[in-house]
1. Can you tell which of A:211, A:224, A:75 lies farthest toward the positive end of the dipole of chain A, using +1 and -1 charges on the Cβ of basic and acidic side chains (Lys, Arg; Asp, Glu)?
2. In nm, to one decimal, how far is the residue A:126 label point from the residue A:53 one, both placed 7 Å along Cα→Cβ?
3. Under the definition of Cα pairs under 8 Å and six or more residues apart, what whole-number percent is the relative contact order of chain B?
4. In whole Hz, with x marking every Gly and Pro, tabulate ³J(HN,Hα) for region A:183-190 from phi via Karplus 6.51 cos²θ - 1.76 cosθ + 1.60, θ = phi - 60°.
5. Taking the simple approach of a point 7 Å from Cα along Cα-to-Cβ for both residue A:180 and residue A:95, what is their distance in nm?
6. Using Cα pairs under 8 angstrom and six or more residues apart, how large is the relative contact order of chain A, in percent?
7. Can you give me the three principal axis dimensions of region A:1-142 from its C-alpha atoms, in Å, biggest first?
8. Return the inverse of the average 1/r over all pairs of distinct C-alpha atoms in region A:6-238, which is the Kirkwood hydrodynamic radius, in Å to one decimal.
Amino acid sequence: MTDTPFVIAGRTFKSRLIVGTGKYSSHAVMAQAHEASGADMVTVAVRRVNISDRSRESLLDYIDTKRMFILPNTAGCYTADEAIRTARLGREAGLSEWVKLEVIGDERTLFPDNEALIEATNVLVKEGFIVLPYTNDDPIACRKLEDAGAAAVMPLGAPIGSGLGIQNVNNIRIIREFSKVPMIVDAGVGTASDAALAMELGADGVLMNTAIAGADHPVAMAEAMCHAVIAGRLAWLAGRIPKKMYASASSPVEGMVGR
Amino acid sequence: MEITLNGERFELEQPLSVTALLARLDIDPRRVAVEHNQDIVKRHRFPDVVVGDGDTVEIVNFVGGG
């Protein structure tokens, strides 16, 4: 079945899976997992260079930047100003206008501060950024982000790193219906079926980090996620059957032996 | 003279351009972004922007994240 290409702000991606670069046991394992995932976009964080210890290898030595598009994030920012400042630094370091915008509202849940997120989106869009905001699974917040000029909306499935899977299936479905920009389910995926479910609900893509990096075998999990996203997408395009309360026989009810 | 570099106090003998500061710190200028007194320094301006006494400099790069 032919699919429409996965396009965000005019840029086409081969894979609908976007993967992170954090929490891996080594850069080498990360590179292998990236390869297995089939992803062509990876997220990175923007942090101070370690001045006293310059011996550490650079993350970018392990990312094939010819194949992978780099999406800097503003993880760890708790105000619109911090996120805007970090986005500007990320643009300089990466030489692209794209940012995964995070403005966190609470330390324990890492839930977004929607008000600050919308404010930061407004500012960054005016500065020419392609803003991909990580947001609550809230259709109204997503609509406001889209109105502010976000290039995609990225509702969470569950708290970052929780692996709980999609907690509010119906909201994700509603956000898909409301949004004219791509919807990417970002955060909360624990295993392959969670990613497949996101795609079956109509997500245009799935973004994950911990589910792969934290698995016992990250490279195998990356491969599983690759298949799950493809399977879920195909199922969405194929159009699933409605759910029914009672059985409906698959074999003919006529012609039974001895009746 | 003293500057604040990535939140820490840092001694310099004399004012330096951003290019010279990065070279002294053994940092590849192609992989970092620099803020000077809270203003972004565009890469092509690294040779021209001079860091002097009391200035605040932030040098960031990409690390693993989700």
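None of the figures in this text is laboratory data; all of them are computed from the coordinates on show. Everything numeric here is computed off the predicted structure, so don't read it as measured data. Positions of Cβ are generated from backbone atoms using ideal geometry, with glycine treated the same way; all protein chains shown enter the neighbour counts.
1. Of the options given, the answer is A:224.
2. Modelled inter-label distance: 4.2 nm.
3. On the way: 102 pairs, mean separation 28.8, N = 66.
Normalised by residue count, the contact order of chain B is 44 percent.
4. 10, 10, 6, 10, 5, x, 5, x
5. 3.4 nm
6. RCO, chain A: 19 percent.
7. 54, 39, 30 Å, listed from the longest principal axis down.
8. 17.4 Å
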